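Encoded as structure tokens, the structure appears first; notes follow it.
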Amino acid sequence: MNTSAYFKNHVLIAVLVVTIGLYSFTFFQAKPWNVPDSFAKKTNPVKSDGESLQTGKELWAKHCQSCHGKKGAGDGTKAGELETEMADFAKDVVQKQSDGSLFYKIIEGRDEMPTFKKKVPDESDTWSLVNYIRTLKAK
Ligand code: HEC
């Protein structure tokens, strides 16, 4: 083997190692989902009263439960078909996020999480969904 072939092999191996490294990094790390400040800091204009929670509950059953599950554990009937792991909505990872952050993620969606701008066009309904998500918090 001449020196240049020897060198090429090393470069090839180095590229391979880096590629595998990056791939496993993106594969095993939960992708951070950044929310613009303008949304994260939005205050929820809809009071979490009986009416709002009822609306939220109905919308959850209709649009969200199939993936996220009845209590948001990520165990809906469609969950098995998804490649993206869903967080447990009862836990801090979701409950510690601001109302505005949850609102943003619901309207925008990402990859397998659909956008709900059209299916839930009324913003106050989306806020009611956020209010309902708060009731899923582990007691
Ligand atoms: C087709 C399946 C599916 C449906 C239906 C669905 N989701 Fe999701 N949702 C996902 C997936 C998958 C993720 C994770 C996305 C990611 O991290 O890239 C997610 C993430 C989220 C998040 C962000 C959670 C976090 O980890 O920060 C919120 C909030 C959310 N969904 C709310 C809802 C609401 C509310 C509805 C109904 C209006 C809904 N989803 C309907 C699949 C779904």
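The values are calculated or read from the model by the stated rules, or taken from the named source; none is laboratory data. Please read all numbers here as calculations on a predicted model, not as lab measurements. No Cβ is skipped: glycine too gets one built from the backbone with ideal geometry, and neighbour counts run over all protein chains shown. For the accessible areas, the whole protein counts, side chains as well, though only heavy atoms, and no ligand, DNA or RNA atoms are used. Shrake-Rupley method; radii C 1.70, N 1.55, O 1.52, S 1.80 Å.
Would you check which residues across region 126-139 are buried (at least 19 other Cβ atoms within 10 Å of the Cβ), in a helix (DSSP H, G or I) and in contact (Cβ under 8 Å) with a residue 60 or more places away in the chain and list them?
Here is the first cut: in region 126-139, the ones buried (at least 19 other Cβ atoms within 10 Å of the Cβ) are 126-133, 136.
Keeping just the survivors that are in a helix (DSSP H, G or I) gives 126-133.
Once the filter is applied, which keeps residues that are buried (at least 19 other Cβ atoms within 10 Å of the Cβ), in a helix (DSSP H, G or I) and in contact (Cβ under 8 Å) with a residue 60 or more places away in the chain, region 126-139 yields TRP127, SER128, LEU129, VAL130, ASN131, TYR132, ILE133.
What is the one condition in (1) out of contact with any Phe, Trp or Tyr (no Cβ under 9 Å at 6 or more places or on another chain); (2) surrounded by fewer than 19 Cβ atoms within 10 Å (Cβ to Cβ); (3) in contact (Cβ under 8 Å) with a residue 24 or more places away in the chain that GLN95 does not satisfy?
Status for GLN95: all satisfied but (1).
Among (1) without any contact (Cβ under 8 Å) to a residue 24 or more places away in the chain; (2) crowded, with 17+ Cβ neighbours inside 10 Å, which single condition is TRP60 missing?
Unmet condition: (1).
Step by step: first the residues of region 112-125, then only those that are part of a loop (DSSP other than H, G, I, E, B) and open to solvent by 20 Å² or more (accessible area, probe 1.4 Å), then the one that is nearest to GLU83 (Cα to Cα). Which residue is that? I'd like the intermediate steps shown before the answer.
Pass one, region 112-125, residues part of a loop (DSSP other than H, G, I, E, B): 112, 114-122.
If we keep only those that are open to solvent by 20 Å² or more (accessible area, probe 1.4 Å) as well, we get 112, 114-115, 117-119, 121-122.
Values: GLU112: 8, PRO114: 14, THR115: 17, LYS117: 23, LYS118: 24, LYS119: 23, PRO121: 27, ASP122: 29 Å.
The selected residue is GLU112.
Which members of region 116-130 meet the condition of being more than 10 Å from the ligand (Cβ to nearest atom) and under 17 Å from the mean Cα position of the chain (by Cα)?
Matches in region 116-130: LYS117, TRP127.
Tell me, which helices (runs of 4 or more DSSP H) lie completely within region 30-111 with 1 or more residues that are more than 9 Å from the ligand (Cβ to nearest atom) and within 18 Å of THR135 (Cα to Cα)?
Numbers: elements: 37-40, 50-59, 65-68, 92-95, 99-108.
The qualifying helices (runs of 4 or more DSSP H) are 50-59, 92-95, 99-108.
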